[in-house]
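Have a look at the structure below before the remarks.
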Amino acid sequence: MVQSLLLVDDEDGIRRVVAITLEDMGYEVFTAANGEEALRVFRETHPPIVITDIRMPVLDGIGLLRAVKQESPETEVIMITGHGDMDMAIESLKLSAADFINKPVSPEVLEIAIRRATERIEMRAKMREYTENLEHLVQEQAARLVDFERQQAAGQVMEGLAQALQGLAQDFSGDIQFFNDIPSFVSLHDRQGRVLSVNRHYRERLGDKTGAGSCDIYRDWAKKPEECPVLRTLATGLPQHSREVVLCINGNEHQVMVHTVPVRGAGKDVELVLEIAGDVGEVQRLQEQLRTTQQLYRQLFEETPCAIALVNPDLTIAAANRRFRKDFGEHDGALCHRACHGRGDPCPECPALLTFKDGLQHRLETQFLTQDGARINALVWTAPIRDAHDQVVQVLELATDITEIRRLQEHLTSLGMLIASLSHGIKGLLTALDGAMYKVNSGLAKNDQARLTQGWEATTQLVDRIKGMVMDILFWARKRDMNLQDVEAAKLLEDVAHSAQAKAEKLGVHFLRELSGDLGHLSADPSVLTPALVNLLENAADACVMDSSKTDHQVVLRAFRQGDELVVEVQDNGLGMDRETVDKLFSVFFSTKGSKGTGLGLFIAKKAVDQHGGDIQACSEPGKGSLFRVLLPLADAGS
């Protein structure tokens, strides 16, 4: 077991942090700031493992590696590299470095590298021990191995070893030293079917059966002694493999997997039988643990609230989780770009292809097409799945639906635009209000009734505009459920006309009503629909006032039934609009009134009509006025 390490790094901070990590793992840590200092410490302490940075002053990591390997070839050296040191890292592996890890040094990766180096050290120690034992056996049995031919295969080598074991069998004192550390029941049997020797695990669990019958440990041996694995090997000369039940010294029974191997003498006859039995309970425990782990990972895979797909190198889908199947349907074996985008060719900058190419994680924001035809915004992450040879064999794609996030971002963007527009509009209104108030105060001071009246009228108009702006903002910003009720269409339109007529007449615009007799009923929320229709009429009156080319202006409110719909028309002979302006009318913050409008009125009107399942249209021509047509579904259409 490795107890001490030598850590070499010229950066004091890194050296201290990594040393603390190693000490927490239970190692005694020696440190050095460069290669020369490290060589001095190494010669004094002789640590079995050296962990060194590649780039250092005085003597770098490659030079230190050469020096350590020259003095102590069995010392394991782990190299710490930066991202730009890959060539030097490869060079260090050619010089027999045990491993290399990248900066910043992860405790988990560091622990794995040390464990690998420790396993190599322990393996060499065991091989050295086994070699020394074999040499001792060969020396003692040299006379009996002289007639053997040179072995050409692994089986012949085992036969030679078995012959040596045969000669030593009579000298065994009931303990097979070579197998004491194996956690299985190991025993050696003679050709008469008796136990010659057992290992420590066998003796502790099953008892010392030296000299007993080869079948005594089995529960059913008395019933069918010919089925005993050792006796079958003696009878057939062939290895045996079977599942048996053994009796422990504490009275318990254990299922075991039994393997027997014949050991042949010089005449090729079976002289000994080597029997190894492994506890099935331990195997079953490991299998159950594996099943539990697999089930856990399967649940994590299925229940993750993101769409996950496992993609093959040809971009076919190998597996997909529940969320993926819900959004895109069952697509195992289908191409991922066809399943998620409905396209025949791979997506531009496909993150899965990039991961297959460079083995790194990649991210892409894209749009997916779900199986019901909806488009969603998604953030896609890819991660490589590697095999035992560190080759990327599959790519894991994880997609998170960020549609709502994008919607919120757009809402925040609109809100920012609204604030900017309102700031500008309110500033202008307040400036105008200051002027109107100045006229009022001046008229009062000078007792000028005409000036007072003029100032007060201007103040009233500005207050009305500010009030309208505030109400538009509140309506646009407020999110509430519709309070639908059965409404008589004619009565609702009479209320609309009454609300708009006062402003039209005040502006000198003639107001006309053309309402048919039976307009039916609507399923509507009057508090939402009425302000929208009033807004259309007031806009029409404003368009007339802005037209200086005519002296006689009028606004017409017209309504009639057309099939299953109520048609409401608002027509004026005012200024009119060109085609480009008509196309933008219902966009948020677009206004035909310049600084006098907020750009919310028609946007809100369309939103209100949409909420009632209707449609709104507009047509206009410069100098000839405009026509707005609202189509609303009637509640009594089928009656």
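The values are calculated or read from the model by the stated rules, or taken from the named source; none is laboratory data. Given the structure is predicted, the values throughout are model-derived calculations rather than measurements. When we count neighbours, we look across all protein chains shown, and the Cβ atoms used for this are built from the backbone with ideal geometry, even at glycine.
Working only within region 472-489, note down all residues that are modelled with pLDDT of 85 or more and part of a helix (DSSP H, G or I). Break it down stepwise before answering.
Filtering region 472-489 for residues modelled with pLDDT of 85 or more gives 484-489.
Selection gives A489 alone.
Quick grid of which residues meet (1) modelled with pLDDT of 85 or more; (2) assigned to a helix (DSSP H, G or I); (3) closer than 19 Å to A559 by Cβ; (4) among the aliphatic types (A, V, I, L, M):
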site: V582; (1), (2), (3), (4): no, yes, no, yes
site: F589; (1), (2), (3), (4): no, no, no, no
site: T592; (1), (2), (3), (4): no, no, no, no
site: F603; (1), (2), (3), (4): no, yes, no, no
site: Q617; (1), (2), (3), (4): yes, no, yes, no
site: D636; (1), (2), (3), (4): no, no, yes, no
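What number of residues within region 490-514 are small (G, A, S), more than 23 Å from F603 (Cα to Cα) and at pLDDT 85 or above?
2
When the residues of region 371-385 are filtered to those that are touching a strand residue (DSSP E or B) at 6+ places or on another chain (Cβ under 7 Å) and free of Cβ contacts under 8 Å to residues at least 24 places away in the same chain, which remaining residue is nearest to A318 (Cα to Cα)?
L379
Going residue by residue through region 42-52, is there one that turns out to be buried (at least 18 other Cβ atoms within 10 Å of the Cβ), at pLDDT 90 or above and in a helix (DSSP H, G or I)?
The answer is yes; a qualifying residue exists.
Among residues belonging to region 525-539 that are aliphatic (A, V, I, L, M) and closer than 14 Å to V630 by Cα, point out the one that is surrounded by the fewest Cβ atoms within 10 Å (Cβ to Cβ).
Applying the filter and picking the extreme gives V534.
Let me spell it out: the conditions are (1) farther than 17 Å from A399 by Cα; (2) in contact with a Cys (Cβ under 7 Å, 6 or more places away or on another chain), and H337 meets all of them except one. Which number is the exception?
(1)
E271 fails exactly one of the following numbered conditions: (1) crowded, with 16+ Cβ neighbours inside 10 Å; (2) of a type in the set (D, E); (3) closer than 30 Å to V380 by Cα. What is the number of that condition?
The single condition E271 does not satisfy is (3).
For residues that are modelled with pLDDT under 85 and among the hydrophobic types (A, V, I, L, M, F, W, C), tally how many sit in region 347-368.
Qualifying residue count for the region: 1.
Could you list, in sequence order, all residues of region 69-92 that are under 35 Å from the mean Cα position of the chain (by Cα) and surrounded by fewer than 14 Cβ atoms within 10 Å (Cβ to Cβ)?
Initial filter on region 69-92 (under 35 Å from the mean Cα position of the chain (by Cα)): 78-90.
Across region 69-92, the qualifying residues are H83, G84, M86, D87, I90.
V463: of a type in the set (A, V, I, L, M), at pLDDT 85 or above and either within 30 Å of L354 (Cα to Cα) or exposed (fewer than 14 other Cβ atoms within 10 Å of the Cβ) (or both), yes or no?
no
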